[in-house]
Amino acid sequence: MQPSDAIAILPEIILTAAGILVMLLGAFFEKSERIAAGATYAGLIAAIIAVAVQFNHPVAAFGGVFLADSFGCFFRLLFLLIALLVVLSSSTYLHREGLSAAEYYALLLFGTVGMGVMASANELILVFIGLEISSLASYVLVGFRRDVPTSSEASLKYFLLGSFATAFFLYGVALMFGSTGSTRLTQINEAFNTALRGQSAGTPVHPAAANLAVSTQFPASLVGVAIALMFVGLAFKVSAAPFQIWTPDVYQGAPTPVTAFLSTAPKAAAFAAFLRIFMVGLGAYSGRWSWLLWIVAVLSMFLGNLGALLQANIKRMLAYSAIAHAGYVLVAFTTHSADGVAAVLYYLVAYAFMNIGAFLVVTHLGGRGERYLEIEDYAGLGFRFPFLAGMFSIFLLSLIGVPLTAGFLGKFYVFRAAIHGDLVWLTVLGVLNSGIAAYYYLRVLVSMYMSAPAREVPCEPLRAPERLALAISVVGTLYLGLFPQNVMDLATQAAQWLQQAR
Amino acid sequence: MNVLPGFFFYLLSAIILGGAILTITRRNAVHSAIWLIVTLLGVAGIYLNQHAEFLAAVQVLVYIGGIMVLFLFVIMLVNLDEAAKQRQFNHQWTIAVGCALALMAELAYFIVKGRESFRFGDTGTGTLNPDAAVIEFLKSCRDIPGLGPGGFLQPNTELIACALYRDYLLPFEIASVLLLVAIVGAVVMAKKEI
Amino acid sequence: MVPISYFLVLAAILFVLGVAGFLFKRNIVTIFMSIELMLNAVNLTFVALSYHLRELNGQIFVFFVMVVAAAEAAVGLAIIITVFKHRESLNVDNVDLMKL
């Protein structure tokens, strides 16, 4: 290990140290909530600075196992930002529900470490370990309200189905290892390119590639089944249909701030791994997997949006809409071009701001014990709490994709990339779905401003951390909708880096 | 001479598959766990057969000695009598059997179709992962016959150690975070009062 | 020598048995055991391919899968205990508080 290696994983080291510190503070101080929160903010901000410094100095650390490139740094910044917003929005919630803050923050920080590792890993072993760290942390966070049966039930469902999907992913990795002789993404890519170019190519870089070059026939069918199995595992993690079954139950049962976290950070991390594995590792085989993405994208959009139409619970509705949004991201992914990847990254950032904002309002209005989660509880909200209702309206309009908000430009970039990639039908179906989606978001908006309250819903004033989180979310949503250029430049830079790696 | 490897393969396969079938069909969870241990032992046998001695030892120590004991402990902790009386399979078992058969057919199709493709390494021309420097280092430690490129992944434990602490140092270190998460998570979920 | 494809077919059958167990058992602990069966099938594939290709990576991967399996077992069994505390039953069909 060299000093440069340590610098490359400095954000992860900082986060791990902060997580351990938070737990120790929780153990030694009687009233540890504020101190633990303070240490968490400090760790997250230090890690954000560390990543920001790395952004323009890409390095391959640990002999090429870990790539701190602009693609990885883009995602790590996104995870840290999400973690910061979630920590800000959950301090009041934890106090209200009487949950132990130290362990909650520590698990959040460790989960962020796992996601950062996933986004920067060039080695499938590392992707797998990062995935497991973030998954295990998520399973526990989902079941964090242990006294509530729905919470532990959601945790159990998430755990069993998550492990099931992980086993599929691993089986795919094993067969991929069998067909290419390597678990390193760049080497897998080299093995494919060598095999596809034929034996006349120059000297292969990896010994296993030599085996492939002399083989009479490339194990195409084995690669096919390996791709399919890895696809199943990753599609589960991004909650794409038809692997979305767990999403509504888990999102409903989890504590609301955790739902906000789950719907943005681990999903973005899974997309990061998805992009790196399929664009870098399996880029040479894009013809074999892009039609799979096409089908899954269409299914996710339709199942998500049609499912959301039927929901009475706001968390379940947002869960179904999360499935649909995963579908939009997959539309951009299907193009497998630099354009498409940039659109994916932009959409994930936009979605993070608007969705965390929306869940923050849901958390606040839910009240003690999360009692007020039905859509009818939102009736007349516009008259009673104009400020909160206004904020919620901005987030919902952004989720619909109304111009001047982040959601609009996110969808615009996605569909533009799809048109450039000659995916006309996919674009048509995507736009159609945006229309369906408008219906259920508008239903909430209409009931907020045009109907009388069905029952009395108490609401405490917002506290400082929540105000800050809400302000950041609103500013982010509007900024991304009005001035997309800065973030889009970063996304394009990251996407081009990914293309070069091939 | 040539009969023996085949004999061991079929014997171990029978143990593994028999154990697996009994694991998923026994009504009593304790019986399932015991049969799972039989399967795991069979898998450890295959590891030995495939020159993965270190993994065979870890399989017995960690899987059987650690994980399965944890399973048995939890089964003892929760109420079993009631579970044993209930119906064993859920309502959707017909769908489940259909799915399993479909998956089996799919995997069998691909493996049979891809059978010829395994020819590429039949001659065993692959090389050891550790490079010449590692081999020199190992040779300097003690006298190891037959060590070198194209060898049989021997001495297994030494080579794994070299790979773990050299090429895979980062995954090895990050795994400690994973274990920390597991400890914290298990305590958070199972403890009465935090 | 036993051909490599025999090992892969053995692993595939083991994997499918794990999937079958996962899909039709009712006891949560046994469902979790089925996942262990699936992981072992994966490990078997890795070890066989590792020997076949004379590549150590596969064995390293198996080592990490075992580490993860241990961590997963600790968390998973803790979750199972929590669920059991709430409903005094380990039947998955009873885990139905949230429905469409």
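The values are calculated or read from the model by the stated rules, or taken from the named source; none is laboratory data. The structure displayed is predicted, hence computed values, not measured ones. Cβ: placed from backbone, ideal geometry, glycine included. Neighbour counts: every protein chain shown.
In segment A:283-307, which residue that is of a type in the set (Ser, Thr, Tyr) and over 14 Å from A:Leu423 (Cα atoms) is farthest from the chain's Cα centre (by Cα)?
Among residues in segment A:283-307 that are of a type in the set (Ser, Thr, Tyr) and over 14 Å from A:Leu423 (Cα atoms), the one farthest from the chain's Cα centre (by Cα) is A:Tyr285.
Suppose we filter C:Glu72, C:Glu55 for residues that are surrounded by 24 or more Cβ atoms within 10 Å (Cβ to Cβ), among the charged types (D, E, K, R) and under 18 Å from B:Met68 (Cα atoms); which single one remains?
Selected residue: C:Glu72, the only one of C:Glu72, C:Glu55 that is surrounded by 24 or more Cβ atoms within 10 Å (Cβ to Cβ), among the charged types (D, E, K, R) and under 18 Å from B:Met68 (Cα atoms).
Select from segment B:158-194 the residues that are under 22 Å from the mean Cα position of the chain (by Cα), at pLDDT below 85 and more than 10 Å from chain C (Cβ to nearest Cβ) and list them in ascending order.
Selection gives B:Glu158 alone.
Evaluate the following for A:Gln199: is it over 23 Å from A:Phe128 (Cβ atoms), more than 8 Å from every other protein chain (Cβ to nearest Cβ) and either at pLDDT below 50 or more than 30 Å from the chain's Cα centre (by Cα) (or both)?
Answer is yes for this residue.
Could you list, ordered by first residue, the pairs with Cβ atoms under 8 Å in which the first is in segment A:77-90 and touching a residue at least 24 places away in the same chain (Cβ under 8 Å) and the second is outside any helix (DSSP H, G or I) and not aromatic (Phe, Trp, Tyr), at least 6 apart or interchain?
Sorted first by the residue in segment A:77-90, then by its partner, the pairs are A:Ser90/A:Pro255.
Output the helices (runs of 4 or more DSSP H) that fall wholly within segment A:414-502 and possess 3 or more residues being closer than 24 Å to A:Ile277 by Cα, or say none.
Once the helices (runs of 4 or more DSSP H) in segment A:414-502 are filtered for at least 3 residues that are closer than 24 Å to A:Ile277 by Cα, what remains is A:485-500.
Given the conditions (1) touching a helix residue (DSSP H, G or I) at 6+ places or on another chain (Cβ under 9 Å); (2) more than 7 Å from every other protein chain (Cβ to nearest Cβ); (3) at pLDDT below 75, which single one is not true for B:Phe73?
Evaluating B:Phe73 over (1) touching a helix residue (DSSP H, G or I) at 6+ places or on another chain (Cβ under 9 Å); (2) more than 7 Å from every other protein chain (Cβ to nearest Cβ); (3) at pLDDT below 75 leaves (3) as the failure.
Cβ-Cβ under 8 Å, sequence separation 6+ or interchain: first residue in segment C:64-79 and within 7 Å of chain B (Cβ to nearest Cβ), partner not in a helix (DSSP H, G or I). Which pairs?
That search, which allows pairs on different chains as well, returns C:Ile79/A:Gly143.
Pairs please, first residue from segment A:413-425 and of a type in the set (Lys, Arg), second anywhere and modelled with pLDDT under 95, Cβ atoms under 6 Å, 6+ apart in sequence or on different chains.
none
Tell me the helices (runs of 4 or more DSSP H) entirely within segment C:1-98 that contain at least 2 residues that are farther than 28 Å from B:Gly98 by Cα.
C:28-53, C:57-87
With the structure loaded, tell me whether C:Leu23 is closer than 19 Å to B:Ala33 by Cα and either of a type outside the set (Lys, Arg) or out of contact with any Cys (no Cβ under 6 Å at 6 or more places or on another chain) (or both) or whether it fails that test.
For C:Leu23, the condition - closer than 19 Å to B:Ala33 by Cα and either of a type outside the set (Lys, Arg) or out of contact with any Cys (no Cβ under 6 Å at 6 or more places or on another chain) (or both) - is met.
Any residue in segment A:60-76 that is more than 20 Å from A:Met1 (Cα to Cα) sitting within a Cβ distance under 8 Å of a residue that is modelled with pLDDT under 90 and not in a loop (DSSP other than H, G, I, E, B)? List the pairs, counting only those 6 or more apart or interchain.
A:Ser70/A:Trp497; A:Phe71/A:Trp497; A:Phe71/A:Leu498; A:Cys73/A:Gln54
Looking at A:Leu365, A:Leu409 in this structure, which one is touching an Asp or Glu at 6+ places or on another chain (Cβ under 8 Å), in a helix (DSSP H, G or I) and hydrophobic (A, V, I, L, M, F, W, C)?
On inspection, the qualifying residue turns out to be A:Leu365.
Looking only at segment A:325-342, decide whether some residue is under 20 Å from A:Gly481 (Cα atoms), touching a residue at least 24 places away in the same chain (Cβ under 8 Å) and in a loop (DSSP other than H, G, I, E, B).
The answer is no, given that none of the residues of segment A:325-342 is under 20 Å from A:Gly481 (Cα atoms), touching a residue at least 24 places away in the same chain (Cβ under 8 Å) and in a loop (DSSP other than H, G, I, E, B).
Just checking, does segment A:67-74 include any residue being under 29 Å from A:Leu275 (Cβ atoms), more than 14 Å from chain B (Cβ to nearest Cβ) and not in a helix (DSSP H, G or I)?
yes
Restricting attention to segment A:115-131, does a residue exist that is more than 10 Å from chain B (Cβ to nearest Cβ), farther than 19 Å from B:Ala190 by Cα and surrounded by fewer than 24 Cβ atoms within 10 Å (Cβ to Cβ)?
Checked segment A:115-131: no residue is more than 10 Å from chain B (Cβ to nearest Cβ), farther than 19 Å from B:Ala190 by Cα and surrounded by fewer than 24 Cβ atoms within 10 Å (Cβ to Cβ).
Out of everything in segment A:132-153 that is in a helix (DSSP H, G or I) and more than 7 Å from every other protein chain (Cβ to nearest Cβ), what residue ends up being surrounded by the fewest Cβ atoms within 10 Å (Cβ to Cβ)?
Per the criteria, the residue is A:Ser151.
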